[in-house]
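The values are calculated or read from the model by the stated rules, or taken from the named source; none is laboratory data. From a predicted model like this one, the values you see are computed outputs, not experimental measurements. Counting neighbours? That spans all protein chains shown, and the Cβs are built from the backbone with ideal geometry, glycine included. We work out accessible area using only protein heavy atoms, side chains counted, and drop any ligands, DNA or RNA first. Shrake-Rupley method; radii C 1.70, N 1.55, O 1.52, S 1.80 Å.
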Amino acid sequence: MIEKKFFIIPEALAVKRLDIAISELDENISRSRAEKIIESGKVQIDGDVVISKKSKVKAGSEISIEIEVEEEIELLPEDIPLDIICEDEDVIVLNKPRGMVVHPGNGNDTGTLVNALLAYCGDNLSAINGEIRRGIVHRIDKDTSGLIMIAKNDEAHKSLAKQLKEHTVTRKYIGLAVDNIKEDELEIDEPIGRDRNNRMRRQVRGSNMKEAITHIRILERYGRYT
């Protein structure tokens with residue numbers, strides 16, 4: 001559900017950065033969340049979309065913000081088996097099966113990885129990303145299987161998030177591509193942004209692009225598939 005909020009910039013916030021101003025205007029929006037909302041093109045100043053968090057605001061200007069509001073979900077522990085690869089007092093690395101949603105939302109209120117983690121860990125999960133994302137540092141799609149890192153506390157969460165941001169964690173995927181890729185190794189260096197026609201999808205050279213580099217090594221060829 002999308003909620004739209006409107007604010008008039010007071011003199012006290014004049015010439016402050018946009019992300020700082022938003023976080024001070026609404027105590028429920030952190031500065032980091034404000035930054036993400038701005039980058040997604042959901043903030044307007046006097047009717048114009050602004051995508052730079054460093055934009056300075058002026059007293060008397062009207063800011064409108066579109067925010068995704070999560071419906072209240074009753075989050076319950078569920079005794080779902082977990083394929084744990086390794087675990088210590090701070091982190092769990094587990095293999096998420098294909099078909100499992102990582103956290104509740106969009107009609108998936110039960111049977112998620114978070115429901116299973118609550119049964120397994122109780123309150124020993126980081127809370128940085130909110131209640132319905134307890135322990136979740138990063139996600140993989142519902143129909144993708146693979147390893148996912150879970151933080152048991154906030155310090156572990158901050159450390160893992162920093163490693164992901166700085167690309168000191170290496171993530172490898174095995175995929176099946178339609179068509180015969182001729183090269184044995186290749187690099188795809190194309191920025192990825194939000195799909196201009198479907199906001200739930202991403203596309204190469206979409207809006208609010210970010211650098212995306214993928215290194216590919218061919219393992220097998222099967223005629224029309226690689």
Might you let me know whether region 178-194 holds any residue that is more than 22 Å from E39 (Cβ to Cβ), touching a helix residue (DSSP H, G or I) at 6+ places or on another chain (Cβ under 6 Å) and among the basic types (K, R)?
-> no
Of (1) open to solvent by less than 30 Å² (accessible area, probe 1.4 Å); (2) within 30 Å of I29 (Cα to Cα); (3) in contact with a strand residue (DSSP E or B) (Cβ under 8 Å, 6 or more places away or on another chain), G146 satisfies all except one. Which?
-> (2)
In region 103-139, what count of residues is obtained for those that are in contact (Cβ under 8 Å) with a residue 24 or more places away in the chain, in a loop (DSSP other than H, G, I, E, B), farther than 18 Å from D154 by Cβ and of a type in the set (G, A, S)?
-> 1
Of all residues in region 9-23, which are within 17 Å of S52 (Cα to Cα) and surrounded by fewer than 18 Cβ atoms within 10 Å (Cβ to Cβ)?
-> A14, V15, K16, I20
Quickly run through region 114-139 and pick out the residues that are open to solvent by less than 20 Å² (accessible area, probe 1.4 Å) and touching a strand residue (DSSP E or B) at 6+ places or on another chain (Cβ under 6 Å).
-> S126, G135
Selected residue (criterion: nearest to R224 (Cα to Cα)) from residues of region 165-199 that are open to solvent by 70 Å² or more (accessible area, probe 1.4 Å) and among the β-branched types (V, I, T) | V178
So, in region 149-164, of the ones that are crowded, with 17+ Cβ neighbours inside 10 Å and not in a loop (DSSP other than H, G, I, E, B), which residue ends up nearest to the chain's Cα centre (by Cα)?
-> A161
Conditions (1) touching a Leu at 6+ places or on another chain (Cβ under 7 Å); (2) of a type in the set (A, V, I, L, M, F, W, C); (3) closer than 18 Å to T144 by Cα; number of the one not met by L113 | (1)
Residue tally, condition outside any loop (DSSP other than H, G, I, E, B), open to solvent by 50 Å² or more (accessible area, probe 1.4 Å) and more than 21 Å from R202 (Cα to Cα), over region 33-52 | 2
So which of L82, L75, L160 is more than 26 Å from E39 (Cα to Cα), modelled with pLDDT of 90 or more and of a type outside the set (S, T, Y)?
-> L82
Kindly indicate whether any position in region 53-75 is free of Cβ contacts under 8 Å to residues at least 60 places away in the same chain, β-branched (V, I, T), open to solvent by less than 50 Å² (accessible area, probe 1.4 Å) and in a strand (DSSP E or B).
-> yes
Exactly one condition in (1) at pLDDT below 90; (2) surrounded by 13 or more Cβ atoms within 10 Å (Cβ to Cβ) is not met by I216; state its number.
-> (1)
State yes or no: is L94 open to solvent by less than 50 Å² (accessible area, probe 1.4 Å), at negative phi and in a loop (DSSP other than H, G, I, E, B)?
-> no
Identify all residues within region 1-20 that are assigned to a helix (DSSP H, G or I) and over 24 Å from N129 (Cβ atoms); write none if there are none.
-> E11, A12, L13
